[in-house]
Structure formats: C-alpha cells, structure tokens
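Visitor: Pasting a structure here, questions to come.
Please treat every number below as a calculation from the coordinates, not as lab data. Values in this document were obtained by computation on a predicted structure and should not be read as measured data. Note that we place each Cβ from the backbone using ideal geometry, even for glycine, and neighbour counts take in every protein chain shown.
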Amino acid sequence: MSNVFATILLCVSLSSFAQEAEVIKFDKLHSLLEEKGEQVHIINFWATWCAPCVKELPLFEAISAKNDPRVKVTLISLDFADEINKVNAFIHRRKIKSKVFLLDEIDYNSWIDRVEESWGGAIPATLFINQQTGQRKFIDRELKDGELEKVIESLMNQ
Amino acid sequence: MKKIKFPLALICVVALFSFENPPYEVGDSVADFKLKNVDGKMVSLSDYKDQNGAIVIFDCNTCPYSKAYNGRIIDLNDKYASKGFPVITINPNDPEISPGDSFKEMASQAKKKGYEFPYLQDETQQVARSFGATNTPHVFVLEKDGQNFKVAYIGTIDNNSRDGSAATKKYVEEAVDALLGDKAISTTRTKAIGCGIKWRD
C-alpha cells in the first residue's frame, strides 16, 4: 500500500517539474529585452497554431539543452491569453524546457515597434541580444539550417 | 560554358528585381488586377470604377487572426458596401503549403459564411506582392481618384484581434468614415497583425 502512495507521490512531484507558461505584460518583456548580463539572449516569438514556429522550436530546445552558460533562450508565446491551457498542454506534450512566457498584449501596434521597428507583425520572429554590448540581430522569418548557431557565434563576446 | 552561366544567372536575378515595383505606400495609385472569384468568375478592380473606393483585404481560411476577424470583415462590407466602399477579399496563400486555402476550401468558406463580396484567389501571388501585403488579414483601403484607385490606409482592422467589441481603435472604419466625410484620415498606417503569407518558394 505504501508503495502505491509512494508511486502516486512520485508521479505528482515529477509532473510538477513540467513548466507552465507565465502570462506577462509588455513591461516584463521590456525588462527581458533590457536585461544586462554576460549572455547572448535569444528571444523567439511563436504560437502553438503557427506551423513554421512549431517546426523550429526543437532548434531552440537543442540550444537550451546544451546548458551553455553564455547562451539563454526565452520563448514568447503570442497565443491568445484565453487559450493558455492550449499552450500549457503543448509545453507538457513536447516537454519544452526553455522558459516560456505568454505575452498578453492584444494591441500589438502599441508595443511591436518597441521590440523591433522593422517587425511586420508575423511570426516566427527571433531577436538575439548580446546582453553586454546591447548588439542585436532580428530575424522575422523561419531560420535557415545552421543560421541559429551562426548568429549566436557572431554575437558572442570575443 | 560554366563560366558564362553564372553572370547570366546574375543578370537574370538583377533584372527580375528591377522589374518589380516597390510595394504600395499610402497615396500611391493602384494598378488594375484581375483574379478568379470563388464563383468561377473573374473580378477586376476596374469593375468597381463606379464606387467611391474599396476595402481590399488579403485574407485566408486558416490563420487564427483571419478566423478571429472573419465576422468583422463581413460587418465592414455590410456597413460600407452601400456607401460605395465594398469589401474585396483576396487569398494569397500557396495551397501547396496551406491546403486549407485551396480554391475549393475558399469556395466552401465563402458559402458557409455567406460572403456577399468577392473572395479571390491570387494564384501567382503577384497581386499580394504588388500591394506589399505580408500578413493575413492585411487591409488596404482604396479611394477613387479620378479614373484610378489610390491607397488611403494600410494595416490592421482594429486594435483588438481577439475581441472586436473590446477594440478601442477601429482603424479601417475611421479611415472610411474620414473619406466619406471628406476629412483627413488620422491613422493611415498600422502594422497588420496576423499570419505571414505562405509564399511559394
């Protein structure tokens, strides 16, 4: 009997390791963009309904899995905030390890230029920031093979 | 032979780019286009020469933003067609990449939703390219200018893609109302929030 309880307890504690998306407003995103540190911060904008975004998520997950202290990955979901359950189910199913936020700001025109002026408003879109120098690179399309590594390399401190 | 091929290819690429006009900006005149409607008939912009303008919307069946805005697009036509600003929707997505946007699926969407306006297929994607449309839905409000149409507003429908009743800025309505009242449009350009157009490679 105690084994059963132990198993249940284990399952419960294991499942609690899977993250849930944290719902944020623009001020939080803005502080992420302005964050100072020694890393190359990769901020990917995606949504569960965006097929090309979902297709390239494993690329970002592979970068996260390397645990390179010089690189940080943040995934910003642009799913509608009332569909947070869909996002969390997706995170669980895909076992997403990179930190996921859901940006709850429906009036895109009020914030999109503050992320990147050249951004037309479609996803996937990825912003790379060298937190030390402030140097940035923005790509508002699907990444090409090997492009992710190349951009990270180009933004690494020498 | 190989030595000749490369510069030739380069010339072709350069020529292609130089023939392509830059996308429309507010104030630009719009070239006529002719595309197939879901009823099988061809529709041209010039068919609308007796109107005051037109609300051209690049749209599709599949994008969540298009779905969210669908009712509002129908409402725009209901409100403004009688005032000389009918809606014309154009689907630019490549059905190879997005099967839900095939001509057949477009016809079924138009029927199901009772479209009283054209839903045209931009098979070559040339119309979307010449307008500079990037997303769906992407709106271009056109006004009649002599014999031509010129661009009066480019962008999104309003500032709440999820819930129209919560929108505090209705950009397209404000633009058309201004044109009808012979006033200046206060916001002529916004970003068209939506899904990227599925371009053929």
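Visitor: May I ask you to list the trypsin sites (Lys or Arg not before Pro) in the stretch A:93-126 that are in a DSSP loop and have at most 14 other Cβ atoms within 10 Å of their Cβ? Don't skip to the end; give the middle numbers.
Guide: On the way: sites: A:Arg93, A:Arg94, A:Lys95, A:Lys97, A:Lys99, A:Arg114; in loops: A:Lys95, A:Lys97.
Here the sparse-neighbourhood loop sites are A:Lys95.
Visitor: Something else about it: Take every DSSP beta bridge whose two residues both sit in the protein assembly as shown, then give the antiparallel share in percent to the nearest 5. Before the final figure, lay out the partial values.
Guide: Values: 32 of 54 bridges.
Of those bridges, close to 60 percent are antiparallel.
Visitor: Are there GluC sites (Glu not before Pro) in the stretch A:110-142 that DSSP puts in a loop and that have at most 10 other Cβ atoms within 10 Å, and which ones?
Guide: Values: sites: A:Glu116, A:Glu117, A:Glu142; in loops: A:Glu116, A:Glu117, A:Glu142.
Sparse-neighbourhood loop GluC sites (Glu not before Pro): A:Glu117.
Visitor: If we count every other residue with Cβ under 12 angstrom of B:Lys34's Cβ, Lys/Arg +1 and Asp/Glu -1, where does the sum land?
Guide: Numbers: positive: B:Lys36, B:Lys41; negative: B:Asp32, B:Asp47, B:Asp122, B:Glu123.
Overall, the nearby charge balance is -2.
Visitor: Give me the orientation-averaged projected area of the Cα convex hull of the stretch B:118-159, in nm², one decimal. Could the numbers behind the result be given before it?
Guide: Working: hull surface 15.3 nm².
Quarter of the Cα hull surface area: 3.8 nm².
Visitor: Between A:Thr133, B:Ala68, A:Phe80, whose Cα lies farthest towards the positive end of the dipole of the protein assembly as shown when Lys and Arg beta carbons carry +1 and Asp and Glu beta carbons carry -1, centred on the Cα centre?
Guide: The residue sitting farthest along the positive end of the dipole is A:Thr133.
Visitor: Still on this structure: Going down the table (B:Lys49/B:Lys83; B:Lys41/B:Lys111; A:Lys86/B:Lys112; A:Lys66/A:Lys95), which pairs top 18 Å between alpha carbons? Could the numbers behind the result be given before it?
Guide: Values: B:Lys49/B:Lys83 14 Å; B:Lys41/B:Lys111 15 Å; A:Lys86/B:Lys112 27 Å; A:Lys66/A:Lys95 16 Å.
Violating the 18 Å Cα-Cα cut-off are A:Lys86/B:Lys112.
Visitor: Under a 5 Å amide H to amide H cut-off, with H placed in plane at 1.01 Å, what residues pair with B:Tyr153 once short-range neighbours are removed?
Guide: Placed amide hydrogens put B:Val141 under 5 Å from B:Tyr153.
Visitor: Which residue, B:Thr168, B:Ala178, B:Thr124, has the largest displacement toward the positive end of the dipole of chain B when charges sit on each Cβ (Lys, Arg +1; Asp, Glu -1)?
Guide: B:Thr124
Visitor: Given the Cα atoms of the stretch B:72-156, and with Rh set as the inverse mean 1/r over their pairs in the Kirkwood sense, what is Rg to Rh to two decimals?
Guide: Values: Rg = 13.6 Å, Rh = 14.0 Å.
Using only Cα positions, Rg/Rh for the stretch B:72-156 is 0.97.
Visitor: Under the classification rounded if a/c is under 1.5, otherwise prolate if a/b is larger than b/c and oblate if not, where does the stretch A:62-147 fall, given a ≥ b ≥ c as square roots of the Cα gyration tensor eigenvalues? Please report the intermediate quantities before stating the final value.
Guide: Values: a/c = 1.76, a/b = 1.04, b/c = 1.69.
Judged from the Cα gyration tensor, the stretch A:62-147 comes out oblate (a/c at least 1.5, b/c at or above a/b).
Visitor: May I pose another question? By the scheme Lys and Arg +1, Asp and Glu -1, what is the net charge of all other residues having a beta-carbon under 15 Å from that of B:Pro137? Numbers along the way, then the final one.
Guide: Values: positive: B:Lys67, B:Arg72, B:Lys113, B:Arg162, B:Lys170, B:Lys191, B:Lys198; negative: B:Asp59, B:Asp75, B:Asp101, B:Asp122, B:Asp158, B:Glu173.
Net charge in that neighbourhood comes out at +1.
Visitor: Helix B:2-19 versus the longest principal axis of chain B: what is the Cα-based angle in degrees, 0 to 90, to the nearest 10?
Guide: That works out to roughly 20 degrees.
Visitor: Within the set of other residues whose C-beta is less than 13 Å from the C-beta of B:Pro99, count the net charge using Lys and Arg as +1 and Asp and Glu as -1. Could the numbers behind the result be given before it?
Guide: Details: positive: B:Lys104, B:Lys198; negative: B:Asp94, B:Glu96, B:Asp101, B:Glu105.
For residues surrounding B:Pro99, the net value is -2.
Visitor: Hey, what's the per residue convex hull volume over the C-alpha atoms of chain B, in cubic angstrom?
Guide: Values: hull volume 27.4 nm³, N = 201.
Per residue, the Cα convex hull of chain B comes to 136 Å³.
Visitor: Additional query: Write down the radius of gyration of the stretch B:135-201 and its Dmax, each obtained from C-alpha positions, in Å.
Guide: 13.4, 43
Visitor: Can you pull the Kirkwood radius for chain A, inverse mean 1/r over Cα pairs, to one decimal in Å? Spell out each step's value before the answer.
Guide: Details: mean 1/r = 0.0599 Å⁻¹.
With all distinct Cα pairs of chain A included, I get 16.7 Å.
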